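Everything below concerns the one structure shown next.
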Amino acid sequence: MNGDVLSMVLDQLPAGSEAEVVMTREELALTRFANSHIHQNVADIAVTVRLRLHLDGRTATGSTTLVGPDGLRQLAERTVAAVRLSPPDPGWPGLAPPRSCPAPVPSTTPSPVPRPMTGRPSSRPLWTVRAG
Amino acid sequence: MSEFDTAIVAVEAALAAGARYADARVMHRRYESMSARNGEIRELMQDEDAGLGVRALVGSGWGFFAVPDVGDAAARAAGTRAAEIATASGRVPGPAADLVRLPVRSGSWANDCAVDPLEVPLSVKGDLLVGATGLAHDQGADLAEGTYQIWDTRKWFASSEGHRIDQHIRECGGGISATAIGEDETQRRSYPSYRGQYGTRGWELVDELDLGGHAARIADEARALLTAPQCPAAETTLILGDEQMALQIHESVGHAIELDRILGWEAAYAGTSWLDLTRLGNLTYGSELMNIVIDPRVPGALGSFGFDDEGTPAAPRYAVQNGQWVGVLAGRDSAMMAGLDYAGSVRSDGWARLPMVRMTNVGLEPGPHSMDEMIAQTRDGVFMDMNRSWSIDDRRLNFQFGCEVGYEVKDGRLGRMLRNPTYTGIGPRFWQSMDMLSSTVVPWGTPNCGKGQPSQVGHTGHPTPAARFRNVRIGVRG
């Protein structure tokens with residue numbers, strides 16, 4: 001699924017593009033107390049695809065939470081339109097070449113609670129891909 | 001499945017999971033902004049988001065859950081989860097929660113928009129900012145900056161009481177600024193206001209601003225400020241331009257009359273209010289010239305809508321009438337808790353955020369005077385305009401504000417330009433000193449009002465005239 005999303009974005013980009021696509025899934029839960037009672041108790045899930053596109057030394061970014069084919073196609077289209085309007089950076093060195101990513105080391109510290117009710121416990125990019 | 005179907009599925013799932021009331025919003029929002037500096041585009045952002053937010057009331061406990069997926073299964077699960085969270089809230093219960101009565105509504109609303117701002121070519125919008133900032137830079141501004149922002153929001157609201165409301169709100173605006181860098185300090189002049197002017201209108205709003213036509217003037221004024229005399233420290237007569245009045249109203253009236261702050265619900269972050277509900281209807285907020293109106297119907301103003309995010313139709317209400325405090329910004333639950341019979345000021349920053357009490361358009365009604373009359377009738381004072389800094393305590397009582405520019409007023413005439421003008425006051429004392437009020441109102445928009453946890457950014461409007469205040473401390477340092 002995640003790889004499909006990234007491919008659907010990258011396939012829309014013109015030849016010669018360099019691009020960074022980050023897909024993020026966040027879960028937030030927050031409980032607020034006021035006057036010694038819970039007056040607000042909220043949670044949400046957010047999935048965001050962010051595209052940073054480099055073309056001919058120009059850079060533009062865009063994002064969407066619409067991860068279907070139409071939403072991703074529109075993200076690519078408007079970011080391509082934006083990059084053509086952006087000023088060129090004569091010093092743009094290009095993206096660093098791809099490198100292998102070491103496997104994450106499992107944490108040895110147990111989570112204090114199985115399901116946190118405050119803060120932003122889960123926020124991590126799932127994939128970062130270079131295209132073109 | 002339509003957006004209404006999605007919302008209804010979520011509401012029904014919440015009811016099935018034990019909620020005695022539930023509502024749901026499907027929202028789709030597109031955002032675009034561009035900035036330029038010294039005649040070059042600096043940044044262009046284009047974002048899009050869509051999702052579903054569900055609110056459920058179980059007993060006296062509220063729950064809220066939001067998902068970016070608007071499919072049937074996700075909507076059903078979201079409604080169930082909202083009710084589960086509400087049930088959990090009831091483990092630490094507060095006073096009995098209920099909602100003020102609201103007739104069931106079905107309807108659609110959209111603001112007037114002559115030129116769809118998202119349909120204006122990027123090249124046209126870019127040329128505008130490049131041209132205006134280039135002109136200001138050529139005129140001597142060390143830093144000439146310009147920006148515009150566009151929001152296009154569609155929302156579909158359904159409640160367990162039967163509400164079915166959809167709205168399409170298009171907002172945009174922009175502005176430019178010129179910064180001059182001197183030996184020891186920098187000075188800035190902005191047009192048409194700090195961060196620009198915004199409204200519920202189409203691109204015609206930006207066209208009417210004529211940003212390029214004001215670029216050279218603000219560059220000249222920024223440079224002139226570098227050598228202007230410092231605003232003196234004194235207690236004197238103060239005339240505030242309408243742009244600074246918008247900030248004055250926003251900070252020292254708008255936030256103070258938010259009922260959730262008055263009830264203590266926002267004490268953890270945004271703060272509380274100096275206002276005590278037992279004094280509603282029996283407290284002098286300002287002079288008899290002070291008439292503050294909450295009105296989400298003002299055409300083109302940034303805080304306008306057809307219905308708030310609880311389905312309450314837009315309606316005007318006095319917050320301060322002839323100087324007396326008579327009304328608040330309220331939601332259905334906070335109003336019921338306060339013993340009031342009206343709501344209508346609840347909005348959320350997108351589908352993923354809980355609707356909360358928010359300013360709509362909070363404005364000051366015009367008076368009988370002109371700006372020329374206010375200056376002509378001032379023997380010794382200072383005129384200040386265009387907000388530069390703001391600081392106010394968490395009860396919205398003691399404040400100190402700075403402006404971009406000031407001018408001496410001597411014997412009924414504007415005199416020398418003054419740099420770093422500031423003034424300070426205590427809310428009700430300050431407003432009670434207002435003795436002249438212009439008859440010309442400008443509907444200033446504030447697109448960056450922060451409040452709530454998780455953080456939400458609200459859009460508010462402040463239609464206001466210029467005004468004169470007596471015996472105000474100015475030139476405060478530190």
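The values are calculated or read from the model by the stated rules, or taken from the named source; none is laboratory data. Keep in mind it's a predicted model, so treat the numbers as computed, not measured. A quick note on method: Cβ atoms are made from the backbone with ideal geometry, for glycine too, and the neighbour counts reach across all protein chains shown. To get the accessible areas, we keep the full protein, side chains included, count just its heavy atoms, and leave off ligands, DNA and RNA. Shrake-Rupley method; radii C 1.70, N 1.55, O 1.52, S 1.80 Å.
Some notes on this structure:
- The protein assembly as shown: antiparallel DSSP beta bridges as a percent of all, rounded to 5: 90
- Computed with a 1.4 Å probe over protein heavy atoms only, the accessible surface of region B:234-474 comes to 33 Å² per residue.
- Spatial offset of region B:275-314 relative to region B:80-122 amounts to 19 Å, using the alpha carbon center of each.
- When the P(r) is computed for chain B, the part past 29 Å accounts for 52% of the Cα-Cα pairs.
- Nearest-0.05 FRET efficiency for B:Val115 and B:Ala224, computed from C-beta distance (R0 41 Å): 0.70
- A simple rule links phi to the HN-Hα coupling: the Karplus curve 6.51 cos²θ - 1.76 cosθ + 1.60 with θ = phi - 60°, which for region B:430-441 gives 5, 5, 6, 8, 6, 10, 9, 9, 5, 8, 9, 10 Hz, with x for Gly and Pro.
- Proximity of backbone amide H atoms, modeled 1.01 Å from N, is registered between B:Val120 and no other residue at under 5 Å, excluding neighbours fewer than 5 places apart on the same chain.
- Remark: spin-label model distance B:Leu277-B:Val124 equals 5.0 nm, labels positioned 7 Å along the Cα→Cβ axis.
- Axis of helix B:122-138 versus longest Cα principal axis of chain B: the two differ by about 30°, to the nearest ten degrees.
- The per residue volume of the convex hull around the alpha-carbon atoms of region A:2-91 is 129 Å³.
- Close amide-amide hydrogen proximity is noted between A:Gln40 and A:Arg32, each under 5 Å apart and 5 or more residues distant or on a separate chain (H modeled in the peptide plane; Pro and chain starts excluded).
- Charge dipole (Cα centre; +1 on Lys/Arg Cβ, -1 on Asp/Glu Cβ; no other charges) of region A:28-79 amounts to roughly 120 debye.
- Residues in region B:78-103 that, when all protein chains are in place, have 50 Å² or more less accessible area than the chain alone would give (probe 1.4 Å): B:Arg81, B:Val92
- Dipole moment magnitude, nearest 20 debye, region A:2-91 about Cα centre, only Lys, Arg, Asp, Glu C-beta charged: 240
- Share of carbon and sulfur in the accessible heavy-atom surface of chain B [1.4 Å probe, %]: 47
- Of all DSSP bridge pairs formed entirely within region B:3-227, close to 95 percent run antiparallel.
- Computed about the Cα centre, the dipole magnitude for the protein assembly as shown is approximately 1320 debye when only Lys and Arg (+1) and Asp and Glu (-1) carry charge, each at its Cβ.
- Chains B and A, summed buried accessible surface - 1.4 Å probe, Å², nearest 100: 3000
- The string of couplings for region A:19-36 from the Karplus curve (6.51, -1.76, 1.60, θ = phi - 60°) is 9, 10, 10, 10, 10, 10, 10, 10, 10, 10, 9, 9, 10, 10, 10, 8, 6, 6 Hz, one whole number per residue in order, with x for Gly and Pro.
- Rounded to the nearest Hz, the phi-derived 3J(HN,Hα) couplings of region B:34-43 under the Karplus curve 6.51 cos²θ - 1.76 cosθ + 1.60 (θ = phi - 60°) are 9, 9, 9, 9, 6, x, 9, 5, 9, 7, where x marks glycine and proline.
- Whether region B:149-300 is rounded, prolate or oblate, judged on the alpha carbon gyration tensor where a/c under 1.5 counts as rounded: oblate
- Relative contact order of region B:234-474, pairs being alpha-carbon contacts under 8 Å that are 6 or more residues apart, as %: 29
- Take every Cα pair under 8 Å whose residues are at least 6 apart in sequence, average their separation, divide by the length of chain B, and the relative contact order is 16 percent.
- Placing a label point 7 Å from the Cα of B:Arg217 along the Cα-to-Cβ direction, the residues of region B:240-257 whose backbone N falls under 19 Å of that point are B:240-246.
- Projecting the Cα atoms of B:Ala132, B:Ala7, B:Ala22 onto the dipole axis of chain B, where Lys and Arg carry +1 and Asp and Glu carry -1 at the beta carbon, places B:Ala22 farthest toward the positive end.
- Distance between the C-alpha centres of region B:423-478 and region B:136-198: 18 Å, rounded to the whole angstrom.
- Theoretical ellipticity at 222 nm over the protein assembly as shown - DSSP helices of four or more residues, -39500 (n - 2.57) apiece, nearest 500: -6500 deg cm²/dmol
- Backbone amide hydrogens, once placed in the peptide plane, bring B:Tyr21 within less than 5 Å of B:Leu57, excluding anything fewer than 5 places away on its chain.
- A Stokes-Einstein calculation at 10 °C with viscosity 1.306 mPa s, built on the Kirkwood radius of the protein assembly as shown over Cα pairs, returns a diffusion coefficient of 61 µm²/s.
- Trypsin sites (Lys or Arg not before Pro) within region B:396-444, DSSP loop, no more than 14 other Cβ atoms inside 10 Å: none
- Axis of helix B:72-89 versus longest Cα principal axis of chain B: the two differ by about 80°, to the nearest ten degrees.
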